1. Tell me which trypsin sites (Lys or Arg not before Pro) from segment 319-363 have a DSSP coil assignment and no more than 11 other beta carbons within 10 Å of their own.
2. Loop only per DSSP, at most 15 neighbouring Cβ atoms within 10 Å: give me the trypsin sites (Lys or Arg not before Pro) in segment 54-136, ordered by residue number.
3. Share of antiparallel DSSP beta bridges in segment 62-202, in percent to the nearest 5?
4. Order of 143, 209 from fewest to most other C-beta atoms within 10 Å?
5. From the list (1) 20.9, 72; (2) 24.5, 104; (3) 29.4, 124, can you say which value of Rg and Dmax of the Cα atoms in Å was derived from the structure given?
6. List the residue ranges in the chain for DSSP H helices whose C-alpha atoms run 20 angstrom or more along the long axis and whose Kyte-Doolittle average is 1.0 or above.
7. Based solely on its DSSP helices, what 222 nm [θ] is calculated for the chain when runs of n ≥ 4 H residues each add -39,500 (n - 2.57) and the sum is averaged over all residues, nearest 500 deg cm²/dmol?
8. Suppose every K and R has +1 on its Cβ and every D and E has -1 on its Cβ; what is the size of the dipole of the chain about the Cα centre, in Debye to the nearest 20?
Amino acid sequence: MKRPVNRLAQLAIGRLAIGLLTAACLCGAASADVRLGVGVPVTGPDATFGAQIRMGAEQAVADINAAGGILGQQVSVEVGDDAADPKQGVSVANKFVGDQIAFVIGHFNSGVTMPASEIYAENNILEITPGSTNPKITERGIETIFRTCGRDDQQGAVAAKFLAAQGAKKIAIVHDKTTYGKGLADETKKSLNALGITEVLYEGVNKGEKDYSAIVSKIKESGADIVYWGGVHTEGGLLLRQMRDQGVNAVMMGGDGIASDEFAAIAGPGVEGTFMTFPPDPRDRPEAAKVVQEFKAKNFNPETYTLYSYAAVEVLKQAAEAAKSLDAAEVAKAMHSGMTFKTVIGDINFDQKGDVTRADYVVFVWKKGPDGRIGYYQIK
């Protein structure tokens, strides 16, 4: 026979359950983490750069969490695949908003960063891009966007000065019609024209193309001895390989978009002698030595944007702790304050636009190293 349950006992049990639930919620709030989104091309032709940014951010988060997190809170990472496509980038940005992401590292492609950053700005999410170099990104008055890399007008000026010093006269400029590629080509063209050098050819090709016979024929007809490439390593490598296959010996020069070992793998032996602009290799900095060893232990080469991504997370931690806040607007104020951030790519500061104040592009050449492998080496 069931015993009747006392009404007072029922109320007491109910109150106890509510109390336990409230306590659980409070405990959850106390241990809430800092939500970091990483928006990159996980798939598609630019996935190599996406992997660099993701690995850099994840390693930085692991190291920061091991040291106590940010303002005593652990950092969690959510990766969004933008596939190097602006529309997909917007989808990733909207998902980050829905998932209550506080900060974003990314995106890689300037054409993706532009629309995604508008969404982040509207929703008080702070974004740091390690690889988007188009000048317009930080020219729009958005207080919560920054980059740890430089700008295309900076590397375009360095490229033009270098080519002029080499006595280059017949320069063909080819780009991939993207925000990054065309932007870089235009900035280099502008700097070359200012030095009195007029290009013999200015053409765009479609990103994703495989057959460059038509543009190679135009390069040959122009008599160019230099081909300046505005774009990334995939199309750039194919263009260079087909130039060599069709007997065009013009030297190629590009920007940071070809700074990947995959460029040499795609272009083949004809890559030797190619020039490119990029900052001094961050892997050689003493500040990066420990982190570089961490990556090597994982059999990952932290080239190009890996350490720029790692540095972006370091900046977030230092800025949040200086602001004593995890609010994007407050963290942005700290970043705009002129304070110096200690990072694996050296000491950096940000101007009021969100750009790093240190412009340090130099010229590299692709050649065989002591081990016989073709890689890129800084011209001293």
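1. Details: sites: 324, 333, 342, 353, 358; in loops: 324, 353, 358.
Passing both the DSSP loop test and the Cβ count: 324.
2. Listed in order of number, the matching sites amount to none.
3. Antiparallel bridges make up about 10 percent of those DSSP assigns within segment 62-202.
4. In order of increasing Cβ crowding within 10 Å: 209, 143.
5. Here the calculated entry is (2).
6. Values: long enough: 7-30 (34 Å, 1.46); 47-66 (28 Å, 0.26); 179-194 (22 Å, -0.96); 306-323 (26 Å, 0.46).
Qualifying helices: 7-30.
7. It comes out at -14000 deg cm²/dmol, rounded to the nearest 500.
8. Working: 40 positive and 45 negative charges, 138 e Å.
It works out to roughly 660 debye.
Read-outs throughout are calculated quantities, based only on the coordinates presented, and are distinct from any laboratory measurement. Computed from a predicted structure; not experimentally measured. All Cβ positions, even for glycine, are placed from backbone atoms using ideal geometry, and neighbour counts span all protein chains on display.
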